[in-house]
1. Determine whether Arg119 is loosely packed, with under 15 Cβ neighbours inside 10 Å and either of a type in the set (Gly, Ala, Ser) or on the phi > 0 side of the Ramachandran plot (or both).
2. Working only within region 177-192, note down all residues that are open to solvent by 10 Å² or more (accessible area, probe 1.4 Å) and either closer than 15 Å to Gly50 by Cβ or out of contact with any strand residue (DSSP E or B) (no Cβ under 6 Å at 6 or more places or on another chain) (or both).
3. Is it true that Leu350 is more than 20 Å from Leu107 (Cβ to Cβ), hydrophobic (A, V, I, L, M, F, W, C), within 26 Å of the chain's Cα centre (by Cα) and open to solvent by 40 Å² or more (accessible area, probe 1.4 Å)?
4. Do you know which residues across region 314-330 are part of a loop (DSSP other than H, G, I, E, B) and under 18 Å from the mean Cα position of the chain (by Cα)?
5. For region 198-313, list the strands (runs of 3 or more DSSP E) that sit wholly inside it and hold at least 1 residues that are open to solvent by 60 Å² or more (accessible area, probe 1.4 Å); which are they?
6. Just to be sure I understand the filter: pairs with C-beta atoms under 9 Å, separated by 6 or more residues or on different chains, first member in region 97-109 and modelled with pLDDT of 95 or more, second member in a helix (DSSP H, G or I) and β-branched (Val, Ile, Thr). Which pairs pass?
7. Inspect region 275-295 for any residue being within 23 Å of Leu56 (Cβ to Cβ) and within 20 Å of the chain's Cα centre (by Cα) and give the result as yes or no.
8. Any residue at all in region 153-162 that is within 14 Å of the chain's Cα centre (by Cα) and either open to solvent by 10 Å² or more (accessible area, probe 1.4 Å) or without any contact (Cβ under 8 Å) to a residue 40 or more places away in the chain (or both)?
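The values are calculated or read from the model by the stated rules, or taken from the named source; none is laboratory data. Remember, it's a predicted structure, so these values are computed and weren't measured experimentally. All Cβ positions, even for glycine, are placed from backbone atoms using ideal geometry, and neighbour counts span all protein chains on display. Ligands, DNA and RNA are stripped out before the accessible areas are found, and what is left, the full protein with its side chains, is counted by its heavy atoms. Shrake-Rupley method; radii C 1.70, N 1.55, O 1.52, S 1.80 Å.
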Amino acid sequence: MHDEVREEIEAGWRDLVDRSAFVGGQAVADFERAFAGYCTVPYAVGVGSGTDALRLALQAVGVRPGDLVVTVPHTFIATVEGITQAGASPAFVDIEPAFYTMAVESLRDYLERDCTVERGTLVERRRRRPVTCLLPVDLYGQAADCDPLLELARGFDLKVVEDACQAHGARYHGRSCGTFGDAAAFSFYPGKNLGAMGEAGAITTGSAALADRCRVLRDHGQRDRYLHITGEGGNARLDALQAVVLSAKLKRLDAWNEARRRVASRYDDRLADADIVGPVERPGARHAYHLYVVQAADRDHVRRQLEASGVATGLHYPVARHLQAAYVELGYRPGEFPVSEQVAARGMSLPMSPHLTEQQVDHVTTSLETATDLLRCRA
């Protein structure tokens, strides 16, 4: 961590320790106000994690036990956990092959072919359960194709919660991620573009009523101390120590995102002729490059070659949600979402940080080119 950021965080923490002000309070309110301003929304509600943000946002928009929420199978498990923790179940649609976010045509097919309207309620034909909400994911720092997705949601009277947990500072046609739909969820896990020094998250919304509902749900269902207005709440508060960290880092987020984009551009240039499929920035969007994910034909062999060269890679995510043991009861089969399954089988994340040097990027790309050349020769 840069000394300037460290000094600001340590000074803020000393103040909190001196005042024993660890839960809620001015530090949390200050961060919420700053983050709402950054995202250009009226309200931000700090919570304990990105998973909390997803669950509470879904509850706040009116998702009830027994409902179905439409999302994608290629995402971190927290997307689906938020749905199930709200008492609902996921309904999956496939992703786009170039951008890795929810495919508009797949959503349209699901809503028109697999659902029907009964007594004014959209119902999935197979499970005979109401479909009430859309949960698109801004994956790897890339915004989902929000305009047509929102148009479909409006046409079928669906609430929309945007999973922006990997999209801090990403934009779509000039608008910030976290501003689409009824509410959005952010994660501030330490590895994120805007990362805490522990667990933290936030919900953004343009609705005063939804923001108030989220504040009640995050704090044991109470608006006033010991006066509980709902039994659906819990302990999902953002602590003041993390709020201080996030406020200090938020001031540097745009600069760090620009540095990530420079790293991504150098990867793009160096890997243009390599035998891999690199990420593609959506036209009209601004990728925040939380991750730089490429696809390779024999991914596991390439990863081993990179590891031998001292290059660590990640898998985000090696098994699509619908094929995980945790969701076998949903009844999905291999092959139902071919794009998600291909990206899961072939994708790997190259090192990505705003602090990577040109020499480090060059070492990664040279090692990757060598590994794919060896793979080509072996074939």
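1. Details: loosely packed, with under 15 Cβ neighbours inside 10 Å: yes; either of a type in the set (Gly, Ala, Ser) or on the phi > 0 side of the Ramachandran plot (or both): yes.
When the stated conditions are applied, Arg119 passes them.
2. Matches in region 177-192: Thr179, Ser187, Tyr189, Pro190, Gly191, Lys192.
3. Numbers: more than 20 Å from Leu107 (Cβ to Cβ): yes; hydrophobic (A, V, I, L, M, F, W, C): yes; within 26 Å of the chain's Cα centre (by Cα): yes; open to solvent by 40 Å² or more (accessible area, probe 1.4 Å): no.
Criteria not met by Leu350.
4. The first filter runs over region 314-330 and keeps only residues part of a loop (DSSP other than H, G, I, E, B), leaving 315-320, 324.
Across region 314-330, the qualifying residues are Leu315, His316, Tyr317, Pro318, Val319, Ala320.
5. Values: elements: 201-205, 222-224, 292-295.
Correct list: 222-224.
6. The qualifying pairs are Pro97/Val339; Pro97/Val343; Tyr100/Val339; Tyr100/Val343; Ala103/Val339; Ser106/Val339.
7. Filtering region 275-295 down to residues within 23 Å of Leu56 (Cβ to Cβ) leaves 290.
Now narrow it down to the ones that are within 20 Å of the chain's Cα centre (by Cα): 290.
Yes, some residue in region 275-295 is within 23 Å of Leu56 (Cβ to Cβ) and within 20 Å of the chain's Cα centre (by Cα).
8. To start, the set of residues in region 153-162 that are within 14 Å of the chain's Cα centre (by Cα) comprises 161-162.
Imposing the further condition that a residue be either open to solvent by 10 Å² or more (accessible area, probe 1.4 Å) or without any contact (Cβ under 8 Å) to a residue 40 or more places away in the chain (or both) reduces the set to 162.
Checked against the condition, which is being within 14 Å of the chain's Cα centre (by Cα) and either open to solvent by 10 Å² or more (accessible area, probe 1.4 Å) or without any contact (Cβ under 8 Å) to a residue 40 or more places away in the chain (or both), region 153-162 yields at least one hit.
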